[in-house]
Structures are given as C-alpha cells and as structure tokens.
Amino acid sequence: MNIREYKESDFLALCEIFLRAVQETARRDYSASQVAAWAQIDEATWRQKLAVSEVQVAVVDEQPVGFISVAGNYIDLLFVAPEFNGQGIAHHLLKPWIARDGVLTVDASITAKPFFERQGFLVVARQNVECRGEWFINYRMQYQNAS
C-alpha cells in the first residue's frame, strides 16, 4: 500500500469506495432506509468538497482502496473499500493528521466510532442528524495532540 495526494482522476474511484463502504460495511449498524439515504453522491458538491480539502488516497496496485478528506481540523471523509477493511489502511491514512499538534474532530458513524476510539479519539457528543429524510445517530469525536 502507498499513500499519495488526491488526483482528479481518482474521483470516480473515491465515490465508489464511499458508496460500497456505506452499502456493505455500515449496513450492519444502520437500517436499509438509512443506508439508501446516506449512499448518495451529489457530484458537484463532492467535487467542490474534495477541491477545498486536503485529500490523501491509499493505493494498492495503482488502484485507490481508501481515502481521507480533511478540512482545517475536521475529518470530513474517511472510507476504505470493504475488501480492505481490517488491514490498517484507515489507520495509515489518519496517522499523519493525529501526529500534528492541536485538536482534530470528526462526526463518526456508529460503524466508525470503535476505530476512532482505538486511535485515541474521545466522544464529545452523541448526535441525531438528518440526511435526506432519515435520522441517524453519530458521534462528534475529538483528538487532542499536545506534543
């Protein structure tokens, strides 16, 4: 595995990783209607989001298998293709960010919460958020590095 900066040519692969992660991985923690509401991409919004964020892509055999998108000190997106779960990819994508001084925040899904806890993040608040008519539980989490 290799981690590199995002390229515009990665866009469709990253969308596919996100959709599959929600549809295959998160479905164990969310209902079918919640997954259907969450697993949608507005292409213009996503292109803009990725353009204004720092985005790193994990690549295996020249193919993207995971990515992280960070805006300021907020982790907006961190997803790994389901077949690569449990191989340390999310950890390697996150590692440079938690090494920086300061506070890092994320709104973690029920599915992602245990991963972030293992990385040293603490729950600040349990949240009920709405997305396309469905309500979701997620967790505002924070990591503090004061090295």
Among the residues of segment 99-122, count how many are more than 26 Å from residue 32 (Cβ to Cβ), out of contact with any helix residue (DSSP H, G or I) (no Cβ under 7 Å at 6 or more places or on another chain) and assigned to a strand (DSSP E or B). 4
Considering segment 130-147 alone, what residues qualify as being more than 23 Å from residue 34 (Cα to Cα) and either under 16 Å from the mean Cα position of the chain (by Cα) or open to solvent by less than 40 Å² (accessible area, probe 1.4 Å) (or both)? 142, 143, 145
So, in segment 60-87, how many residues would count as being buried (at least 17 other Cβ atoms within 10 Å of the Cβ) and over 18 Å from residue 112 (Cβ atoms)? 1
Note on segment 48-92: residues in a loop (DSSP other than H, G, I, E, B) and out of contact with any helix residue (DSSP H, G or I) (no Cβ under 8 Å at 6 or more places or on another chain) are 52, 53, 61, 62, 72, 73, 86, 87, 88
Condition met for residue 127 (in a strand (DSSP E or B) and either open to solvent by less than 40 Å² (accessible area, probe 1.4 Å) or within 22 Å of residue 11 (Cα to Cα) (or both)): no
How many of the residues making up segment 1-47 are open to solvent by 60 Å² or more (accessible area, probe 1.4 Å) and assigned to a loop (DSSP other than H, G, I, E, B)? 4
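The values are calculated or read from the model by the stated rules, or taken from the named source; none is laboratory data. Source: prediction; values computed, not measured. No Cβ is skipped: glycine too gets one built from the backbone with ideal geometry, and neighbour counts run over all protein chains shown. Just so you know, the surface numbers come from the protein's heavy atoms only, side chains and all, with ligands and any DNA or RNA stripped out. Shrake-Rupley method; radii C 1.70, N 1.55, O 1.52, S 1.80 Å.
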